[in-house]
Structure formats: structure tokens, C-alpha cells
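Below is one structure, written out as C-alpha cells; the observations come after it.
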Amino acid sequence: MFSFIYSKRLKLLTLTIVAFLTFILVSYFSNNLTDKQVIGKTNFSPEIAEIIDKYNLKQPPRGDTRLLVISDLNSAYGSTEYEKEVDLAVKMIPFWQPDLILCSGDMIAGQKSTLTPQQIRAMWKAFDSHIAQPIRNLNLPFGFTIGNHDASGAIRNNQFTFQQERDLAVEYWHNPTHNTGVNFLDRSQFPFYYTFEQNGIFYLVWDGSTSRIPEDKLVWVEKSLASKTAQEAKMRVVIGHLPLYAVAKGRDKVGEVLHNPEQLRALLEKYNVHTYISGHQHAYYPAYKGDLQLLHTGALGSGARQLLNTDTPPRKTLTVIDVNFNEDSLTKYTTYDMRTFKVINYEELPRLIQGHNGIVYRRDIN
């Protein structure tokens, strides 16, 4: 009898241990899936599955929310074609599974006075076909800023030099079928100046398509950033096409950056903006100055450039930002060379860059 009870208890103990170990293993693998396992659970197209396998792509550790940042997508003036890296980036969106896609400008190839309305509309139609419509099909919100090739804000004789391009940009973005899917807060000046909120983050977009942001617009910027909604957000991000500081060869000059960087940086720091995202320089550099993070987004389209202070060949890039609200740094970047899908490590980049209008430091350098 004693032997029977002992055997029964031993069997029960064994089953309990097995159940406990099974729970531990299931929990571990649920939270630590290998890339192959993730791929197996996701219905990728054969083309994307082949790329994932070929380059042994790794899924970055996911944050509380994930942003996918692209920029400078256009080709030559008037072009309705996009380079293969642009199309590939769009096809790869389901792999990264972002919560929001951001573009820091130059979505089409304008800024030429001889372009006809038909040509400009054809470029926006091509942008919609290659980029915007596939993003809408994925039900992902798309935030963007206007670049100098989209609807330049250049002024001559108190008039917009490219008024036609600005009018047609408004025509495209105000079309209800081109809904961006973002949660607008103020869209009264959309698509040039607007604010929205997504996943606890406040975003402000300004027209940085030229080097000067008018004073009346800066009044709007300050009022927006000072608002209760902005200040109660978990994080604040500003997006504009031109950067505050130069980082790339061929763009290290007046007119290729915002002309009053220290004033603008002080304004953004005053309202605890965490990151300013820009394009235009066509070179990826994750930087900071003072208390402001600066993401200089690389180009996906034509014309990638070398960073100042380096001989590293130009690279077409795309950046994944994972935001963790409970971490001091808030953001983690994973940036891919889109020709090789190699992740670019900070150590490959200069520790600092000194351009004509100031020094910026790599974001991991104290």
C-alpha cells in the first residue's frame, strides 16, 4: 500500500515538473523567437522570404512602438520611376511591421520651372502607385514632410517660385483617397505645417523645404509645442526636410541647412522635443547636440552622399526606430544599407561631424 501511494506521488511530482518545464520553455521561445521562427509565422511574399533568407535578416528587438523612417525617394527631375531600393523598402515593410511610417521629404522629382502640370501630376500618381497606395493597403499611418523637390518654398519677389508645384502638392494630399491615416491634431495648414499624435507621441511637421522658416510659422510652432496635448505626450518629435546642421559632402554650405540652427534648437529644447528628423543631406548620421537628438536620414532614391570626415562610400539607407518609454534614451535605431541589408553600426561613423555651421556628435558619444 505504501509503495502504491509513493509511486502515485512520484508520478504526480514528475508530471508537475514536466508541466513547469514546458511552461518555462514555451514562455522563453515565445519571447525569444529566432528569425526563422518569426518568418515561419508570417505570410511573406516569396520574393521577400527569399531576401530574408539570403541576407539572414534579423528582426530588431521591438520597442513599445516602432517607426520606419525613409527619405529622399526621388530620381531625376520629372521622373516617374523609382530606384529599386525604394520599391524594395516598400515591399519589405511587412517584415519590420512598423506602427507608423515617416518620410522626411522629397517624394517626387520636382523643383523645375519647365515641368508642366501634367508632368507634376504624373509624378504624384507614380508616388501613389509605388509608395503611398501600398502603405495604405497595409493600413499603416504615414507621416511626412514636404521636401524641396515636392513643393519648394523658395520665394522670389515675395512670391513662391514654385507655386504650381505647391498647389499640386495640396491637390494630391487633400484628395480624400490619399488619406494618410494619422491622427491629426491641427491640419489647417496641411501638408506644409501640421501636428498629429500616434501611440502617445506628439509629432510636429514644418515646411523645411528651404533654409528659412518664416517668423509667423515659428509662432505657430511654439504655440503647438507648448500646448497641453504636446506637453502631456510621452515624447515629442519634429520633422522637416532640411537639417539644422550640415553632415554631407556637397551639402556643407549655406542654403542646404536651416539658416538659424541655434535659435531653432533652443526652441525645440525649450519644449522638450526629443528628436528632430530631417532628410536632404542624403547621408545617414545619428547625432545629437545639446539635449536634442538629430536623425539625419539617408536617401533611398538617387544621389546618396558621403558623410563629412569620412571616405566611406555613400549608402542608401532606411532606419527603424524602436521607442521604449521606460528607458532614458527612449529610442534605439537600426539602420540598414539597402543595397546589402547590412546593419550600420555606430562605430562605422565619425565620432563627430564639423560642418560650416556647427559640430554635431554621434548619438552614442558622451
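The values are calculated or read from the model by the stated rules, or taken from the named source; none is laboratory data. A quick note: this is a predicted structure, and the numbers were derived from the prediction, not measured. FYI the Cβ positions are ideal-geometry reconstructions off the backbone, even for glycines, and counts take in every protein chain you see. All accessible areas refer to the heavy atoms of the entire protein, side chains included, with ligands and DNA or RNA removed. Shrake-Rupley method; radii C 1.70, N 1.55, O 1.52, S 1.80 Å.
How much length, in nm to one decimal, is gained on full extension between Phe325 and Lys249, taken as 0.36 nm per residue of separation minus their Cα-Cα distance?
23.9 nm
Could you list, in their original order, any pairs among Lys249/Lys332; Lys54/Lys253; Lys112/Lys270; Lys253/Lys332; Lys228/Lys332; Lys249/Lys342 whose Cα atoms are separated by more than 32 Å?
Lys54/Lys253; Lys112/Lys270
Apply the Karplus curve 6.51 cos²θ - 1.76 cosθ + 1.60, θ = phi - 60°, to the phi angles in segment 252-269 and return the couplings in whole Hz, x for Gly and Pro.
Calculated HN-Hα couplings, in order: 8, 7, 4, x, 9, 9, 5, 6, 10, x, 5, 5, 5, 5, 4, 5, 5, 5 Hz.
Report the residues of segment 184-198 in range of a label on Glu232: point 7 Å along Cα→C-beta, backbone N strictly under 20 Å from it.
The answer is 184-187, 195-198, whose backbone nitrogens lie closer than 20 Å to the label point.
In Å², what does the accessible area per residue of segment 64-137 work out to with a 1.4 Å probe?
Counting only protein heavy atoms, the per-residue value for segment 64-137 is 36 Å².
As a check on your grasp of the helix formula, calculate [θ] at 222 nm for the chain: sum -39500 (n - 2.57) over DSSP H runs of n ≥ 4, divide by the residue count, round to the nearest 500.
When only DSSP H runs of four or more count, the value is -9500 deg cm²/dmol.
Quick one: length gained pulling Glu222 to Phe160 fully straight, 0.36 nm per residue minus the C-alpha distance?
Length gained between Glu222 and Phe160: 19.9 nm.
Tally Lys/Arg at +1 and Asp/Glu at -1 over every other residue whose Cβ is under 13 Å from the Cβ of Ala230; what's the total?
That works out to +1.
Find how much the distance from His356 to Asp53 grows on full extension, using 0.36 nm per residue of separation minus their present alpha carbon separation; answer in nm with one decimal.
So the chain would gain 104.7 nm between His356 and Asp53.
Counting Lys and Arg as +1 and Asp and Glu as -1, each charge on the Cβ, what is the dipole of the chain about the Cα centre in debye, to the nearest 20?
Once rounded to the nearest 20, the dipole reads 880 debye.
Keeping all protein chains in place and using 1.4 angstrom, which order do Trp220, Trp96 fall into by accessible surface area, from largest down?
Putting Trp220, Trp96 in descending order of accessible area: Trp220, Trp96.
Apply the a/c threshold of 1.5 to the C-alpha gyration tensor of segment 208-328 and tell me whether it is rounded, prolate or oblate.
Cα axes put segment 208-328 in the oblate bin.
Does anything in segment 150-188 have its amide N under 19 Å from the 7 Å Cα→Cβ label point of Ala76, and if so which residues?
150, by backbone N distance to the label point.
Please give the FRET efficiency for Ile365 paired with Glu197, using the beta carbon to beta carbon distance and R0 = 30 Å, rounded to the nearest 0.05.
Efficiency, from the Cβ-Cβ distance: 0.40.
Loop-only GluC sites (Glu not before Pro) in segment 292-366, please: DSSP not H, G, I, E or B, and at most 16 other Cβ atoms within 10 Å.
Here the sparse-neighbourhood loop sites are Glu327.
Specify which residue in the list Val257, Ser188, Trp96 is farthest towards the positive end of the charge dipole of the chain, using unit charges on the beta carbon of Lys, Arg (+1) and Asp, Glu (-1), about the Cα centre.
Selected residue: Trp96.
For segment 62-197, what % of the accessible area comes from carbon and sulfur atoms, probe 1.4 Å?
47 percent
Quick one: putting +1 on the C-beta of Lys and Arg, -1 on the C-beta of Asp and Glu, what dipole do you get for segment 296-338 around its Cα centre, in Debye to the nearest 20?
Taking the Cα centre of segment 296-338 as origin, the dipole is about 260 debye.
I'm a student and want to see the number: the projected area of the Cα convex hull of segment 262-366, averaged over all directions, in nm².
Mean orientational projected area (segment 262-366, Cα hull): 7.0 nm².
Which one of Met123, Ile48, Ser209 has its Cα pushed farthest toward the positive end of the charge dipole of the chain, where Lys and Arg give +1 and Asp and Glu give -1 at the Cβ?
Ile48
Only one of the listed values, [x] 105, 44, 43; [y] 87, 44, 36; [z] 73, 46, 35, was derived from the coordinates as Cα extents along the principal axes in Å; which label is it?
[x]
Is segment 116-191 best put as rounded, prolate or oblate by its Cα gyration tensor, with a ≥ b ≥ c the root eigenvalues, rounded for a/c under 1.5, and otherwise prolate when a/b is larger than b/c, oblate when not?
Oblate.
What accessible area per residue comes out for segment 214-366, rounded to a whole number of Å², with a 1.4 Å probe?
The answer is 41 Å² per residue.
Quick one: Debye curve from the alpha-carbon atoms of segment 39-83 only, equal weights, vacuum; give me log10 I(q)/I(0) at q = 0.15, 0.23 Å⁻¹ to two decimals.
Each listed q corresponds, in turn, to -0.68, -0.96.
Any idea how far the Cα center of segment 70-89 sits from the one of segment 106-137, in Å?
Using only Cα atoms, the two centres lie 10 Å from each other.
Using the alpha-carbon atoms, what tilt in degrees (0 to 90, nearest 10) does helix 117-127 show relative to the longest principal axis of the chain?
Compared with the principal axis, the helix lies near 10 degrees.
Based on the alpha-carbon gyration tensor of segment 133-277 and its eigenvalue square roots a ≥ b ≥ c, which shape applies: rounded if a/c is under 1.5, prolate if not and a/b is larger than b/c, or oblate?
Cα axes put segment 133-277 in the oblate bin.
Enter the angle in degrees (range 0 to 90, nearest 10) between the Cα long axis of helix 215-226 and the first principal axis of the Cα atoms of the chain, meaning the one along which they spread out most.
20 degrees
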